[in-house]
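In what follows, a single structure is set out as structure tokens and then discussed.
The values are calculated or read from the model by the stated rules, or taken from the named source; none is laboratory data. Everything quoted here is computed from the prediction, not taken from an experiment. With ideal geometry, Cβ positions are generated from the backbone for all residues, glycine too; neighbour counts draw on all protein chains shown.
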Amino acid sequence: MNEFLSNPAISLLIGLLLAEGTEIAPWMARRILGTAARRIGNPEATSRYEEEWLALLDERPGKLLKLLFAINILVFAMPQLRRGYRRKRRALKTEGEQVKSPRLRDALLQLDALHHRQFEDAVRDLLRRDGCTDAVQVGGAGDLGADVMATDPYGRRWVIQCKHRRAGLSGSPVGSPDVQVLNGTGRPVHKGDVVVLVTNSRFMKPAVEFARSQQLHLVDRAVLGEWASGSRPLWELLREVPPPRRPTSLS
């Protein structure tokens, strides 16, 4: 092997191949980035990410570093992006299966389009529609985890925190930290009988498990759509709501 490599002709050939490889490295890098962008599996994202990656490629010094950058995108970044878009497609499919009624879909789309403060107002108005005449929006700086508070016709005090996502079900899910904050103030500070977190998106599994352990109520996109459609008041859609505090004509 040493004799083979020591041959002047072979050494010259290897040198030429290395030089040629270095020269075509930027061209190969651009081709690799184009391939990576197409493999994301989302037509809109393909052009956007390819443009961004090519711009970053131009900023990389050295021809071989450009090639290494492109390989890193193909091997590591692209698979993560592709998995993310696949999850979004599955989430949208799930939403379509859960919300088949046109009326429910329309209600959810209207809620998605709101500003987060308008979303809190909408939750307040839904409570008023259901007979909570004193429902009030209290969210803002220093709200201590409560965005809407109300008393239902059965005398139960409701403390509600709202988490709005402009992207709806495709938006980021609500995690356990938000639920933990509500748990720390919903009953001790706001004296709630029914403590609820409402979102037009979804909840992460740890948030669901923590809420169940603390007897908190979670209203996800599916439940919110049914509530907003006017089918039933919220306390009929939730499980294990505390019993009425006082008898009423509705009892």
Odd one out for residue 161 among (1) over 19 Å from the mean Cα position of the chain (by Cα); (2) modelled with pLDDT of 95 or more: (1)
All positions within the range 149-169 that are surrounded by fewer than 21 Cβ atoms within 10 Å (Cβ to Cβ) and part of a loop (DSSP other than H, G, I, E, B): 153, 154, 155, 156, 165, 166, 167
Candidate set from the range 212-221 (those that are surrounded by fewer than 22 Cβ atoms within 10 Å (Cβ to Cβ) and assigned to a helix (DSSP H, G or I)); member that is farthest from the chain's Cα centre (by Cα): 213
Residue selected from the range 184-209 under the condition in a helix (DSSP H, G or I) and touching a strand residue (DSSP E or B) at 6+ places or on another chain (Cβ under 7 Å), by the criterion farthest from residue 85 (Cα to Cα): 186
Residues satisfying the stated conditions in the range 170-211, i.e. surrounded by fewer than 16 Cβ atoms within 10 Å (Cβ to Cβ) and more than 15 Å from the chain's Cα centre (by Cα): 181, 184, 188, 189, 191, 209
Residue check for residue 32: under 27 Å from residue 168 (Cα atoms) and either of a type outside the set (Phe, Trp, Tyr) or modelled with pLDDT under 75 (or both): no
Failed item in (1) more than 18 Å from residue 174 (Cβ to Cβ); (2) assigned by TED's automatic domain parsing to the domain that holds residue 115; (3) at pLDDT below 95, with residue 193 passing the rest: (3)
Counted residues, the range 114-148 - those being among the aliphatic types (A, V, I, L, M), in contact (Cβ under 8 Å) with a residue 24 or more places away in the chain and not in a helix (DSSP H, G or I): 4
Residues that are surrounded by fewer than 14 Cβ atoms within 10 Å (Cβ to Cβ) and at pLDDT 85 or above, drawn from the range 81-115: 109, 110, 113, 115
Qualifying residue in the range 122-130 (condition: touching a strand residue (DSSP E or B) at 6+ places or on another chain (Cβ under 7 Å), closer than 21 Å to residue 172 by Cβ and modelled with pLDDT of 65 or more): yes
Members of the range 164-201 that are in contact (Cβ under 8 Å) with a residue 60 or more places away in the chain and among the small types (Gly, Ala, Ser): 168, 170
